[in-house]
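Each reported figure results from applying straightforward, stated rules to the coordinates on display, with no laboratory input. In this text, all values refer to a predicted model and were calculated from it rather than measured experimentally. In this analysis, Cβ positions are derived from the backbone assuming ideal geometry, glycine residues included, and neighbour counts consider all displayed protein chains.
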């Protein structure tokens, strides 16, 4: 009987939290269940759910082994939940993506999710986003941030960098489904497409125009060990044409000319 009471309380209070968020217009309840127990820690203003925890809200499901839901006692609304933390075997699924990690923090007031731990990954119908240190998702901006040996894998195309920001948007005005729009990469950038490998300091990709721009000390390494070097390369994925540019800064001590090295086939 106690478990039923605590379960009802959690559903009610989490629903209050969402009523002040961007999801308010949906008026859908949030359901939290657990295999072991549900606790109310009044001293620390939080609720705790243990073992095989499941959170359901609309098309979003969150699975984990431990949940802590914190509420703000000093608010005009009754114990409004401001933050949810889930740990151990975390899996977040929706119609558009599936995310994996060891720990996730959902800041409800900011509509922001941060995931850490091993094997961080976000799977979408067209892309896989991987990171070593941290993944963040801005729900309002529809923006994913991957930090630490980050990768976006899309078919044969692989983008690797220290940090990658991937932007998504609704497919159309009537749909909540997301599609990939553009990406920015910073630090130790490498782009591979199965035929060539391109290295640089920064990169941007526009999914609409299918244009890739890489800047910094750019090196294009092809399969036969041929190479091109310059300051910037623009790749048109529609035509398959890559154009590399020389350094514009006259004060640089580096060779300002575009350079190509080509080896004859053996």
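Numerical summary
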| read-out | value |
| --- | --- |
| Per-q log10 I(q)/I(0), the range 58-170, q = 0.20 Å⁻¹ (Debye; single scatterer per alpha-carbon; no solvent) | -1.08 |
| Residue exposure sequence - 180, 247, 262 - by fewest surrounding Cβ within 10 Å | 262, 247, 180 |
| Long-range tail of P(r) for the range 123-266 (Cα pairs > 26 Å, %) | 30 |
